[in-house]
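Below is one structure, written out as structure tokens; comments come after it.
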Amino acid sequence: MYQAEWTETSRTTSSNASNTYRLGNVFRTLTKGFKSSYTASTGSQSAAYTPSFQSENGRATQFSDTDVDIILARIASSSSNDDRIAAADELADAISRTAISKNVVEIWYTAKDMLLPTNLLDVRRAGLNLLNACIVYDMDEDSASVNRLVYYRTLAEYPVGEDFDLQLKAFRALTKDGRELPVLGPSESPMVQILSTWLRVIFKDVTLARGAAKPAAQNVGADSERSQLMSVNLHNLCSYIINIFKFNFYAFEEIDIISLLKDILSICGRTSNKSDIIEGIVMINTLTVYGNLPLSMLEQSIETLCGASAVVPELFNSCWEAILHLVNSHLANNTIVALYNILREPEKVRARSAMKGAVVFLQKLLEHEPGQTKAYNITVNSVMRSYNTVMTVRDDIHIDLAVCKSMTSLILNDETYSLMAYEDYKSPDSPLVVIGLAARHAMLPIPGVKLQALEEEYHPAILINKLLLQILERLRVSYQGGSFNGPPEALIQFFLAVRAHIDEDTANIVVEYYENEYLCFPSSSGWRENSEVLLDAFFRNQSRALSLRAKVFRHMKNVYWIAREVCDERIADEFLEKIFLTIRRESDIDILSQVVDFGVDVASQIGIDGYKKLVKTFRGCMHAQNQIASNSVETRRRSVVDGGDLELHLSASSMTQNSAGAAGSTVRSISRPTTSEVSHSHSRQTLSSSFPMPRTTEQLQLASEESMEANASPLHTTVSTIIARAFVIMFIQGLERSGEKSAIIYKELLEISRWPTDWNPETIITIYRLLFRIRVNKASRVVLIQPMDMDGLAESVGRLVPSMAPEARTAAIWKHPESDSILGAPLPERASFYVTVCGNDTKTVLEEEHLPDGEPSIEEYYVNRKRGIASLNMSTWLATVVKQIKDGTSWEIYSFIIAHLAPQLSNLQLFMASQKEIQWLRSLICEQLTGQLPPLDNPKGVSKADVQVVLVRTLSSIIGYQSFFSKIDQDNIVKAVLLGLMSWERTAASCVNCLLVCSYEFPLSIKKFLSQIFANFQTKITNSGLSVHILEFLTAMARIPSLTSNFTQDDFKRVFAMSFKYMEHANDLSSSSSAKASHSNKILSQYLMALAYSVVSTWYLTMGMADRRDLAPFIVRGLLLANGNRAPSSSPGGTGQHTQNGPGFSGAMTPNDERSWALIDLISRFTYSDIALKMHTVFSGLGQDRPRSEVVGNIWIHGISILSIETFVKTGISQVVVRRPTGTTSFNIFPDSRMLPGWGDPELLLSGGASWSSTKERPGLASPLTDDTISADDQLAFLPDYFFTELAAAPEFQSVLAPTLIPNPSDPAIVRAIGMFDRTPVVEFHKIGIVYIGLNQTSEREILANSVGSKAYLDFLDGMGTLIRLRGNKQVYTGGLDTEHDIDGEYAYAWSDKITQAIFHCTTLMPSRRDSSDWTPQNGEPTYDDESLSNKKRHIGNNYVNIYWNESGKPFNFETIRSQFNFINIVISPHTKAASTFSPSSSSVASSLLGDPTESPFDFYKVRVLVQPSVDASAVFSSAASHLKMVGKDSLPLFVRNLAFNADIFAVVWHARPDDEYVSNWQYRLRQIRNLKDRINATIEKSANAVMEWARENDMKSD
């Protein structure tokens, strides 16, 4: 046996470096061929041990006998050892250099005792050295053979010891290095016996020396000096023996040759030293070349050669050359048989290395000179049988590796590959069988295990795999190229046998073969078994390429659909289960997606029972991945393999795969059908197995599963997300096909949603994307919509796409808006006929009336199978959401919930039966607004205040469930919002807007906390971001009488004081806007100022006249102080003078001064009157039937008034017209008849220019005032003070300067200026469009073509204003509507108060354009057609603000009606979409329980304000409805009207732009008065200067 066979690897070579160096000559010659190497080796040894043969004349001098005797005397035993050693060395030197006359044998006899064992080693070595010199001398002198016998006997009898090197040297010299053997007598010891003894002794000593010199921690072959010396001795002895046989082969008997050969082969079998083995190879080669190798030693010699070639790869060529010598000798066939026997005889104990070498030599012999006549007989089948036998008997990975290498060489060699015939492949010992058996230990690198580079490269399992890949590649190429000599089905079976190692191209060949031969279709008898083979081999094996697995899966899908058509449903379902068998362990996301998508497709076709199984399978897959995640830590620990145990681990894994591959079930042989079979039945038969196959896929994919578990990071998340998306699609499918299926999915989704921490946020959000899209129509039928009305909510949580950074968009799981395809399936266009909703409030009725006896109630849904309708219990969904808001969850989920909840809550009918859950949600939000938020992992940039903003807006949607709330609940809502207003600065705006909605819906609660609200407003005066919201709140509140009915003067003062503060704030923004502030700040300053003045004017008119008189001085003073002016010294009702800088002078006046004085004029007008301002033009009523010569008129500019008086000179009847910024007043004065001069005509006084018919109706002849006291609270049209202020101008406007008389009133320029002033409105005007959008309408044409609307729309119009007749209308501002020919319709809605008028352009009241383009008023009444809607769009398109009543059930698109001037749209939508006219007549269970679906207990509407993208209103206009608000039907008109007015003011401000200041009508009229006065003064001054110049010139002339 060969010791330490592990040295077959190249790692042993490093330890023998020293020996390799010393034996360099041998190694160099071995590479040149055995015969030449032997000659060179022999010559080398002769040079080392044989002295030069020179003639006697070649010696230096002759050594005298006397000198020899003297030296010999010193050698005597009586001398000291040192002297003897020195003398012997001197004598040996002399003998080697000089001629000796004395007989050399006699000299040796004298010194012979130096070799006695009792002597010291040095003495003996000196003696052996002298003996060697004597032998060499005698050999030179060709001495008699007797001398050689003397020397032979001495050396033979000398024991082997540490001086064996000199002993062998002398012996070699005696035989001339084996060339001349001495003639021995019968009494002499045979040389073979001596050499054999020496071999055994020296090898024993070498073995001991090597063992002693090898420390345990060092590698094999690390020799000490002694072991190295002994190794050299062994080498020299073997070389000497080889020389003896080389030159004297026939001098020995065969028994002697066998004896020595056995010794040498024994040494080769027991050593691991390369130099030792070399000697055995050379010995065999020598005997083969120079003699005859004994037949009895042939098999042992070949086994030695085989083992040596495997153990020491460097010796392979020498071993192979020896084999070639044998097969070219008379032992050729014996040699082949011996090689076969090494592999085929298991009863003999063979070394692994010998078997490996035999494998290689048989392969080499097949490859050697193919196609030529050989002396030996070897066939492919014989070699394959030997390979098959050895691998079957010896389950050894290293032998398998050797066979695999040989088969690789044979397969890759074109000549030997062509030798493999069809019969060889049909044989039980087929090359494919051999390859398959050799590949049993092949293993791919284990996923997740990092192998050291060296170990991975040289490990047998890895090497086998690499070789197998080469074989497979060649087989694949030959099959595709048509050069494969065997049957195709055999190759396909082989590919399947080694399927774990074939590449994707080869696997595709197998799959295509199955496809092309229809082996998996039901027409084949074994179609299910064949399908299982493909599934198990290529689909369930997750290490396969995606494309291949997808190909197999597509084929299996086709098979399933065919099977579903032609087979029994049970068989099809069983086949379907096989496809989904390993889905729980699937780690490839793409494949899983395809499988799940297939499941989704199947789900719509199968019955309820199969549907439930499919859902269960999907659910099990999700939970299985979760289990993998929970075990990931332990799996990672198991997947780490220690480097020292690598080989053991790989071997164990190899055995695992081997047991799966060899001992498992088998692939059935494929029988090729005949043509008739293919054409008729396509039947396929299965035969017995030929190749080992895995039993289950579990064993084959063990490594991939471990890798999946060890790296289970986001895998289970992605899998669960994919399945969640599948559930979503299945739910959508059920809406259109089967309500029960949707209900089953709904239950699954709720179950997952209840435990969000068990799943990745992406999975939960995938589910929530569906559940938060659920809405219902008026018939309670489910419809899915895209998210809308949540831009602001998404922005608050940092998920609005335009506001997100690019990296944030990539990292976020959800954002808004999202793609329409995010759910994976298009949303149904109509409400479901099969799915409705219910709630816990209707559950009891459902259970009592509709559930069969004994059937338990179901919380998530109810199914009425008779009607095919399922009702989803939305209370369970809402409870799930509320619980997560309460407990908190991951930020992704929490932010998604709070951003989407409010829009879903606005669909009131969806949760109309969930009162308990709504109450719970209301209570929870009120608690969290006080700061009791759950723990949140909100990201940077999103604070808790942002979360509370979203909660406040959600609370605004909850207001729609007003009928659920008691007065205490309403108070709690207002109180919570008020606390939110006080808590966070960022939540303040949302809280103010929410309070505004509450002021309409919960007026009593608002009134209860109004004092606290105002107190909070006053503390936030300095908050510029809140100013607009507070002012809009105050403006709207002034128009809600129920809130201000109990206001005291102090309450009013608080409102006015806040307005003054905001005026100051607007002034600050305006003063800084010229240099520092942004464009938005400039617009904001003007908008704030307009709102502040609107608050003052509106609230002033809200008060009674008594309060007006009392607060007028406070307001006037506040206005002047707010704008930087000193307050006047008197009130509107008193007397006094104004400062020189007042508005009556032509000095510079700022826009704020104009606003203030115009408002003061309004205050002056309404302090003592309550007459609404009206739009009308003043015409003179005098002189219409009298000559103009009798009428005299003058015009004065007095303060901020234009005073015109026309008088009849004969009667004194006069008309006084007072034009002021806030209105125009006209008086007709009739003097008392007693005031007329004597020549006056009293009758003319009574009839001159007036229309009064009797004295009783004359204003001037009224009865004198009685003594009755007039109450301050009486609403009187006039007081006496009013006439005073109108005739003499208010005292505060009086100036120290006299009124300015217009010199020439008839001047055309003066007339034009006054006419323009009269045409300037004295009221604030608003023109607002109202557009109706019907069910499912989306285009401009169908929207504008509406001529009628719903009842709710008409009710809304009635609340917005009063229906007026357009034709002939002169009193109401129509905003461009025709008032002469009814071109824009006969009627319109208008609204007005004392200082404001609004016209509403209702498209449903407008006809289409006239039929003929050449129509003129003279042609008569116009006719209309429906082809064009340009006239409607002309009015709607020119409005800054439009109101859209949207009953389409679809999101509103701002661009539906495009216009340059539509800046702001107010969209009103019903909380629930109307039921489609195509709905079936039968109503759902839930809707029938809730009554008539057209009658909802929730009369609320969704209101939103949308701003044109080009309008940068984010920092300026943030209306109360910029975010979704729920407003009740009764409050809706008032809420929307106030909203529209504010929006219109902003639009005017924005469109004017900061450089073009916003000027109100009153401010503009004041500016006209001032401009006219400046022009008159300039004219008067110019005339005066001209007169003075004329007078000066006359004076100069007179002088």
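Numerical summary
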item	result
Simple spin-label estimate for Glu1380 and Lys1597 in nanometres, 7 Å along Cα-Cβ	5.6 nm
Glu157 - accessible surface, heavy atoms, 1.4 Å probe, Å² rounded to 10	130 Å²
Surrounding net charge for Gly178, when Lys and Arg each add one and Asp and Glu each subtract one, Cβ distance under 9 Å	+2
Full-stretch length increase - Lys1174, Gln470 - with 0.36 nm per residue and alpha-carbon distance subtracted	243.3 nm
Residue-span extension gain [Glu489 to Leu208] - 0.36 nm each, minus C-alpha spacing	95.2 nm
Counted charge near Ala831, where neighbours are those whose Cβ lies closer than 11 Å (Asp, Glu -1; Lys, Arg +1)	+3
Computed over the stretch 521-585, Cα set: Rg, Dmax in Å	11.5, 34
Prolate/oblate/rounded call for the stretch 302-366, Cα gyration tensor, a/c under 1.5 rounded	oblate
Cα centre as origin, Lys/Arg/Asp/Glu Cβ charges: the stretch 494-611 dipole, Debye	220 debye
For the stretch 966-990 and the stretch 1351-1408, distance of Cα centres in Å	39 Å
Distance in nm between pseudo-label sites at Tyr109 and Thr810 (7 Å out along the Cβ direction from Cα)	10.6 nm
Percent of Cα pairs exceeding the 21 Å cut-off, where the set is the stretch 239-338	25 percent
Accessible-area value, Arg867, 1.4 Å probe, nucleic acids and ligands omitted, Å²	130 Å²
Surface share of carbon and sulfur [accessible, 1.4 angstrom probe, percent] for the stretch 991-1045	57 percent
Largest to smallest accessible area among Arg544, Arg344 [probe 1.4 Å]	Arg344, Arg544
For Ala88, net neighbour charge (Lys/Arg +1, Asp/Glu -1) across residues whose Cβ lies under 13 Å away	-2
Computed FRET value (nearest 0.05) for Glu225 with Ser266, which takes r as the C-beta separation and R₀ as 41 Å	0.95
Two-site label geometry, Ser1042 and Ala1584: point separation in nm, points 7 Å out along Cα→Cβ	6.3 nm
Anisotropy class of the stretch 480-599 from Cα gyration tensor, a/c 1.5 cut	oblate
Area of Glu90 that stays accessible when all protein chains are in place (1.4 Å probe, Å², to 10)	90 Å²
Label-reachable residues, the stretch 383-419, where backbone N falls under 20 Å from a point 7 Å from Lys348's Cα toward its Cβ	383-396, 399-400, 403
Centroid-to-centroid separation of the stretch 1158-1172 and the stretch 479-505 [C-alpha atoms, Å]	104 Å
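The values are calculated or read from the model by the stated rules, or taken from the named source; none is laboratory data. Since the model is a prediction, treat every value here as computed from it, not as a measurement. So basically every Cβ, Gly included, is an ideal-geometry build from the backbone, and we count neighbours across all protein chains shown. Calculation scope for accessible area: heavy atoms of the full protein, side chains included, ligands and nucleic acids excluded. Shrake-Rupley method; radii C 1.70, N 1.55, O 1.52, S 1.80 Å.
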